[in-house]
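Below is one structure; the comments refer to it alone.
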Amino acid sequence: MDVAVVVRTVRPWLGTAGIVGIVSVFVSGYLIRTVFDSQPLAVDAAWHDLLVGNRNPWLEYPSLALNLVGGTIAMILITIAVMAVLFFFRHRWAAAFVGLSVVLSMLLSTIIKQLVDRPRPGDSLVIATSGAFPSGHTTAAAALVVALALLFARRWVWAVAAVWVLAMAFSRTYLLAHWLSDTVAGAVLGTSVALLLWAPVAARLRRRIEAV
């Protein structure tokens with residue numbers, strides 16, 4: 001990691017943006033639970049009906065693959081592998097940042113799921129037992145790739161991160177496992193957790209790198 005890159009990505013407002021994002025997901029969940037009785041929004045129903053009426057195996061197979069890759073066990077293993085690589089190159093604080101981002105985002109996702117208790121679509125193509133809001137797959141995916149994008153701060157890394165999150169979000173709705181708003185909330189939650197944790201970690205990284 002380049003010192004100049006780390007210095008440029010230390011932005012105090014990122015932490016504030018992270019807090020705002022996390023709070024917005026909690027508030028959205030509260031509104032869905034109280035105002036909409038945990039039922040899908042109009043846009044959720046419209047997107048769901050569109051996908052039901054337009055099935056394609058070329059989209060279903062990759063979505064099933066992402067269902068496996070984005071699962072809890074797989075994400076834990078992937079995160080551990082990423083942390084191991086960072087540890088190998090002596091970026092211990094970076095490894096801790098990535099791990100904490102994923103773990104905290106998954107923990108918050110689980111808490112919100114329990115609070116909102118939103119039913120999933122009844123025609124889901126995959127087995128899922130937890131609440132629908134927010135999408136755990138999308139939350140963990142966003143936390144991991146945004147954390148890596150913040151660490152390496154390259155345009156192509158951000159581009160890959162954006163594509164990965166969009167693909168994961170789409171796959172969850174294409175498999176009819178989530179409503180559209182579930183995946184939007186998951187993307188916001190995972191991104192926000194990474195942003196919240198980034199400022200103190202980046203400052204620590206900068207001091208350690210400059211001390212070398």
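Throughout, read-outs are computed from the coordinates displayed, never taken from laboratory work. As the structure is a computational prediction, the values presented were derived from the model and not from experiment. So basically every Cβ, Gly included, is an ideal-geometry build from the backbone, and we count neighbours across all protein chains shown.
Residue farthest toward the positive end of the dipole of segment 1-160, with Cβ of Lys/Arg at +1 and Asp/Glu at -1: which of 95, 75, 23? Most positive-ward Cα: 95. Rounded to the nearest 10 degrees, what's the angle between the helix 155-174 long axis and the longest principal axis of the chain, both from Cα atoms, 0 to 90? Tilt relative to the chain: about 20 degrees. By how many degrees, 0 to 90 and rounded to 10, does the Cα axis of helix 136-152 deviate from the longest principal axis of the chain? Long axis of 136-152 versus the principal axis of the chain: about 20 degrees. Here the residues 58, 93, 158, 198, ranked from fewest to most Cβ neighbours within 10 Å of their Cβ, fall in the order 58, 158, 93, 198.
Normalising by the residue count of the chain, find the relative contact order in percent from Cα pairs under 8 Å and 6+ residues apart. Relative contact order comes out at 36 percent.
Return, ordered by residue number, the residues of segment 64-81 whose backbone nitrogen is under 18 Å from a label point located 7 Å along Cα→Cβ of residue 110. The answer is 70-80, whose backbone nitrogens lie closer than 18 Å to the label point. With each label modelled as a point 7 angstrom along the Cα→C-beta vector, the residue 30-residue 52 pair spans 3.2 nm. Considering only alpha-carbon pairs that sit under 8 angstrom and 6 or more positions apart, the relative contact order computed for segment 52-155 is 29 percent. Axis of helix 42-52 versus longest Cα principal axis of the chain: the two differ by about 80°, to the nearest ten degrees.
Modelled label positions at residue 42 and residue 92, each set 7 Å beyond Cα in the direction of Cβ, lie 5.6 nm from each other. Remark: segment 105-119, residue by residue, has Karplus-estimated 3J(HN,Hα) of 5, 5, 5, 5, 4, 5, 4, 5, 4, 5, 6, 7, 6, 7, x Hz, where x stands for each Gly or Pro and the curve is 6.51 cos²θ - 1.76 cosθ + 1.60 at θ = phi - 60°. Between segment 57-116 and segment 15-37, how far is it from one alpha carbon centroid to the other, in angstrom? For segment 57-116 versus segment 15-37, the Cα centre distance is 22 Å.
Tell me the net charge near residue 125. Cut-off is 14 Å between Cβ atoms, residue 125 excluded, with +1 for each Lys or Arg and -1 for each Asp or Glu. My count for the surroundings of residue 125 gives +1. Computed over the chain with a Gaussian network model linking Cα atoms closer than 10 Å, the most mobile of 68, 14, 108 is 68.
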